[in-house]
1. Any chance you could run the full-extension gain for residue 65 through residue 314? It's 0.36 nm times the residue separation minus the Cα-Cα distance, nm to one decimal.
2. Report the extension gain between residue 379 and residue 190 in nm, rounded to one decimal, defined as 0.36 nm multiplied by the number of residues separating them, less their alpha carbon distance.
3. Report the charge-dipole magnitude of the chain in Debye, nearest 20, computed about the Cα centre from +1 at each Lys and Arg Cβ and -1 at each Asp and Glu Cβ.
4. Given labels modelled 7 Å from the Cα in the Cβ direction, how far is it in nm from residue 49 to residue 182?
5. Students sometimes get this wrong: rank 353, 190, 126 by accessible area, probe 1.4 Å, all chains present, largest first.
6. Along the charge dipole of the chain, which of 390, 325, 182 sits closest to the positive end, that is, farthest toward it, with unit charges on the beta carbon of Lys, Arg, Asp and Glu (+1, +1, -1, -1)?
7. For segment 375-433, rounded, prolate or oblate, judged on the Cα gyration tensor with a ≥ b ≥ c (square roots of eigenvalues), a/c < 1.5 rounded, else prolate if a/b > b/c?
8. Order the following by accessible area, largest value first: 393, 438. Probe radius 1.4 Å; ligands, DNA and RNA are ignored.
Amino acid sequence: LLQHHGGAQVDIYEKLPVPFGLVRFGVAPDHPEVKNVINAFTQTARSERCAYYGNVTVGRDVTVTELQQAYHAVVLSYGAEDNRVLGIPGENLSGVYSAREFVGWYNGLPENRDLKPDLSCETALILGHGNVALDIARILLSPLCLLRKTDITDGSLAALACSKVKRVWLVGRRGPLQVAFTIKELREMINLPGARPVLDPADFTGLENAVKDAPRPRKRLTELMIKTALEKPGEKMMEVQAAAPREWGLKFQRSPQEVLPTADGRRVRGVRMALTRLEVRAGDSAKAVPTGDVEELECGLVLSSIGYRSLPLDPAVPFDTQRGVIPNSSGRVEGVPGLYCSGWVKRGPTGVIITTMNDSFDTAQSVLEDLQVGVLDLSTSREGFGAVESILHSRGVRPVSFSDWEKIDAAEVARGKAAGKPREKIVDPQEMLRLIGH
């Protein structure tokens, strides 16, 4: 918007005192290169025509209707802050966590800072075959010397140092051809020092033919799994793998039926799985249908990584609870002129950073078109933050500016430097606010 419209003023509101959302709290700590996008965000935030207001919860501290009165256009891009539930007995037992809260815990998301996951078991079970599932498996099995150099939080590093987990199963309802992770993440997992992959050759036999006409990314991904499962490693590699103290594996065509409790009924001791077969549907999609057979997998830790879910923000905004998105067309919220949406709350929680970037460019295009054709009425001036500031003031809310964030950032980097890390994240919002004298 700033690039394509010389007169646009853009204000960004954020619930937390710190910016960058999933780039800060979702991207794995051992993937620092993915976080480089922060540099582009920072450049934008430092523009004269852009302002950042952190520590403001839209829907509570200021309503969407109040924002609409203060601005010509309002864009909602607050993502998916909840997780899909399994909906099976036992999922509330101690030792069962959602991937979202576990990732939030090791990445310093304030709301998950007190998670204290129990890592005293040897076997962990991750339900899901996406990149987040692989991230979690990698963090659970990574040598500490690798994690110590990242921005993983101090508390979670200490917990992982005492972890007894040495085996991680990643379980999915469908087959090898339907996994949702990407080749980069899989390769990283296969090459993880001190951990060996355990793939059942039976799952991969005869798959070469099935993928020969598949799109290139799917073909390469499947070929890497086939190679790992079926090829005998060289002697040197066999020695390395034999000496590996930890292991991980992929299990397919299993759908969780129940999380099984320990004798005292408090903790998880395993998961009962329904074995499934695949029914191929129109358009190449495959549905997992139970066969009637079941099996039990023993584990003391269950992480459910079956997807994220957006929540309604404000009664003034239409919301499709079925699909978990704001109904829209090219980012224009249905039936509410001047209101837009972007990202996961617009099209559902799928895709990587580049997907979301392209998606936001698409929404920005809609805003610019609406400006051109007069859907957005510029004849009345809008006060923008001026109007919102007095509302926030009356409600006792003090926003955090981008230069305030830069002070927090500097403090985190300084603390990290002392420990040989890129930064040591502050996980308590109150501490952040004290630091900037709020």
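1. Taking residue 65 through residue 314 to full extension adds about 88.8 nm, to one decimal.
2. Value of the extension gain: 62.1 nm.
3. 1020
4. Distance between the two pseudo-spin positions: 3.1 nm.
5. Largest accessible area first, the residues go 353, 190, 126.
6. With unit charges placed on the Cβ atoms, the residue in question is 182.
7. Cα axes put segment 375-433 in the prolate bin.
8. 393, 438
The values are calculated or read from the model by the stated rules, or taken from the named source; none is laboratory data. Here the structure is a predicted model, which is why all the values come from computation and not from measurement. Here the Cβ is made from the backbone with ideal geometry for all residues, glycine too, and neighbour counts use every protein chain on show. These area figures cover heavy atoms from the full protein model, side chains too; ligands, DNA and RNA do not enter into them. Shrake-Rupley method; radii C 1.70, N 1.55, O 1.52, S 1.80 Å.
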